[in-house]
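The values are calculated or read from the model by the stated rules, or taken from the named source; none is laboratory data. For clarity, every value in this text was computed on a predicted model and none was experimentally measured. Note: ideal-geometry Cβ built from the backbone for every residue, glycine included; neighbour counts use all protein chains shown. Quick note on the areas: whole protein, heavy atoms, side chains included, nothing else; ligands and nucleic acids left out. Shrake-Rupley method; radii C 1.70, N 1.55, O 1.52, S 1.80 Å.
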Amino acid sequence: MRTLSLTLAVTAAIGLAACGSNGGPASGSANNNQGLRPVAKNVIFFLGDGMGINTTTAARIYSVGEDGELTMDTLPESGFVKTFSNDAQVTDSAPSMSAYMTGVKMNNEVISMSTNTQAKSPTADFTSNCGSGNGQPVSTLLELAKAGGKATGVVTTTRVTHATPAATYAHVCHRDAESDIAAQLVPGGALFNAKLQDGVDVVFGGGRQFFLPKAAGGKRADGRDLVAELKAKGYGYAADKTGFNALDPAKTTRAVGLFTSSHMSYDLDRDAAKEPSLAEMTAKAISMLADRKDKQGFFLMVEGGRIDHALHETTAKKALQDTVAFDQAIKTAIDAMKQRDPDLKNTLIVVTADHDHTLVLNGYAQRTGKTTPSNPGVLGLVKNYSNGSVATDADGMPYSIIGFGNGENRVNGNRNAATALTDAAVSANDYHQEAAVRMPAGGETHGGTDVFIGAIGQGSDVFQGFLENIDVFGLVKKAAAL
């Protein structure tokens, strides 16, 4: 009798849970009461290149102080992602972003190809040198979105042909074949990626050099002017901030903006009259993609790409400012989508990084608060939390809060033979923080530790715990029913 009673009780509880007050499906079910999981019609995938946990912590303190919050800190769901690639403990951006976009582990330097693809350096003209039978293309989330009738967009502060943006729309055995990567964007042209159908709808970033022939100051050896080809296919085009401002989403639904020859400027150095910010590019991309009546929603990838470059340089201030600019783009996107979709019932926003770097926060520093013109904050020297005195190392010399595991600025011998550091010196825009292991200029390496992932909106509840980077593809694919 006890067993029977328990069984009946559980059965009754299940029955009640399955019904609403009107006897229909439980609250939260959707899709015409068929009991199916609601679908994220719109997906925005944010990627902070090189944005490890230490970098986000430092950027938070830099921007709003120790007890403040970045927008990404407020995302209701969060977890961690393992970043190793198929052949390396420490990944580069090509296979790590490709893992997110395709669900396939691949070798370092490979862009959205099968696991067996071997990376082979391109020709001197940045064209592919993969050889025959060297792997196969694998479908990306952006391609699946295209197949599902969605508008698509790519926004970055790097060259649009750089590893992270390329992983969304291109397939090549080596990330440096940027001339071929650019050609894969141009509808109807040689090397065009046919899975893009009529092309990626919105592309904003740098990298004009791979779209222009050498005769026009570009790097294309084939003589093609891809900008002209894109215009001929109906794309609006902008080469600077003035052209960007002139792009009217009410009149232009397909646009390419190539604002610099190579990468866009660091946010700390950006001339706002010449280059749009990442937040501005994100806002305009959403305006062009989200309001189209002829599409079934949209997929947009937004990369804060120059965080990574500043970390390679060990110029921490530039890296932190670019992280803040990336965070501002996230806020811009959330606000823009809530105007259209107040409860984000049709929208999924995911924020993550592809890998980390070797940046560390040193010492037992007192709280610094945010960085201001009169306060170096986390960019300054370590000062003891107990009495505020400047902390010193074994050589009796002051040292900065931020340092790197490896990098170009390593003092040879005892540090007391060098000029003592000051707050003014270590918080300067172009200061290269000290490193434990000396590397060539710009040669600081990626790190191999896990990175943050956060999400908000429809289907966001599954983005938690420890995830493999290839698993993120499946989670987005399922949430958006791609």
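Quick notes on this one:
- Which numbered condition GLN339 fails, given (1) in a helix (DSSP H, G or I); (2) over 20 Å from ILE453 (Cα atoms); (3) open to solvent by 20 Å² or more (accessible area, probe 1.4 Å); (4) touching a residue at least 40 places away in the same chain (Cβ under 8 Å): (4)
- In segment 206-238, the residues that are loosely packed, with under 15 Cβ neighbours inside 10 Å, closer than 21 Å to THR152 by Cα and touching a strand residue (DSSP E or B) at 6+ places or on another chain (Cβ under 6 Å): LYS231
- Of all residues in segment 256-287, those that are over 15 Å from GLY243 (Cα atoms), of a type in the set (A, V, I, L, M, F, W, C) and in contact with a strand residue (DSSP E or B) (Cβ under 8 Å, 6 or more places away or on another chain) total 3.
- Enumeration of residues in segment 245-260 that are under 18 Å from VAL200 (Cα atoms) and either in contact with a Phe, Trp or Tyr (Cβ under 6 Å, 6 or more places away or on another chain) or in contact (Cβ under 8 Å) with a residue 24 or more places away in the chain (or both): LEU247, PRO249, THR252, THR253, ARG254, ALA255, VAL256, GLY257, LEU258, PHE259
- Filter result (surrounded by fewer than 19 Cβ atoms within 10 Å (Cβ to Cβ) and either acidic (Asp, Glu) or not in a strand (DSSP E or B) (or both)) within segment 392-402: ASP393, ALA394, ASP395, GLY396, MET397
For every residue, the table says whether it meets (1) surrounded by fewer than 18 Cβ atoms within 10 Å (Cβ to Cβ); (2) over 28 Å from the mean Cα position of the chain (by Cα); (3) part of a strand (DSSP E or B).
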site	(1), (2), (3)
PHE404	no, no, yes
ALA425	yes, yes, no
ASN429	yes, no, no
VAL437	yes, no, yes
ALA441	yes, no, no
ILE453	no, no, yes
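- Taking the criterion of being of a type outside the set (Ser, Thr, Tyr), more than 16 Å from PHE452 (Cβ to Cβ) and without any contact (Cβ under 8 Å) to a residue 40 or more places away in the chain, the residues of segment 62-94 that qualify are ASP67, ASN86, ASP87, ALA88.
- Where a residue in segment 288-309 is among the small types (Gly, Ala, Ser) and its partner, wherever it lies, is assigned to a loop (DSSP other than H, G, I, E, B) and crowded, with 20+ Cβ neighbours inside 10 Å, with Cβ under 6 Å and at least six apart: GLY297/LYS41; GLY297/LYS150; GLY305/ASP49
- Some residue of segment 419-442 being of a type outside the set (Asp, Glu) and modelled with pLDDT under 95: yes
- Within segment 133-167, considering residues that are touching a residue at least 12 places away in the same chain (Cβ under 8 Å) and over 25 Å from TYR235 (Cα atoms), the one most open to solvent (accessible area, probe 1.4 Å): GLN136
- Test set (1) part of a loop (DSSP other than H, G, I, E, B); (2) under 24 Å from GLY305 (Cα atoms) - GLY388 fails condition number: (2)
- Residue ID - surrounded by the most Cβ atoms within 10 Å (Cβ to Cβ), chosen from residues in segment 250-282 that are at pLDDT below 95 and in contact with a helix residue (DSSP H, G or I) (Cβ under 8 Å, 6 or more places away or on another chain): THR253
- Leading residue by the ranking (farthest from the chain's Cα centre (by Cα)) among those in segment 184-205 that are open to solvent by less than 10 Å² (accessible area, probe 1.4 Å) and on the phi > 0 side of the Ramachandran plot: GLY199
- Qualifying positions in segment 472-482 - open to solvent by 10 Å² or more (accessible area, probe 1.4 Å) and either of a type in the set (Phe, Trp, Tyr) or assigned to a helix (DSSP H, G or I) (or both): PHE473, GLY474, LEU475, LYS477, LYS478
- Restricting segment 285-309 to residues that are of a type in the set (D, E, K, R) and crowded, with 24+ Cβ neighbours inside 10 Å, the residue that is farthest from ARG340 (Cα to Cα): ASP308
- Filter result for ASN469 (of a type outside the set (Ser, Thr, Tyr), crowded, with 22+ Cβ neighbours inside 10 Å and modelled with pLDDT of 95 or more): yes
- The set of residues in segment 406-423 that are part of a strand (DSSP E or B) and either over 19 Å from ARG306 (Cα atoms) or open to solvent by 40 Å² or more (accessible area, probe 1.4 Å) (or both) contains only ASN409.
- In segment 310-336, residue nearest to ILE286 (Cα to Cα) [restricted to those that are of a type in the set (Asp, Glu) and open to solvent by 30 Å² or more (accessible area, probe 1.4 Å)]: ASP335
- The requirement of being out of contact with any His (no Cβ under 7 Å at 6 or more places or on another chain), surrounded by fewer than 18 Cβ atoms within 10 Å (Cβ to Cβ) and over 21 Å from VAL186 (Cα atoms) is fulfilled somewhere in segment 125-132, by at least one residue.
- THR117 in a loop (DSSP other than H, G, I, E, B), over 27 Å from TYR266 (Cα atoms) and either of a type outside the set (Lys, Arg) or open to solvent by less than 10 Å² (accessible area, probe 1.4 Å) (or both): yes
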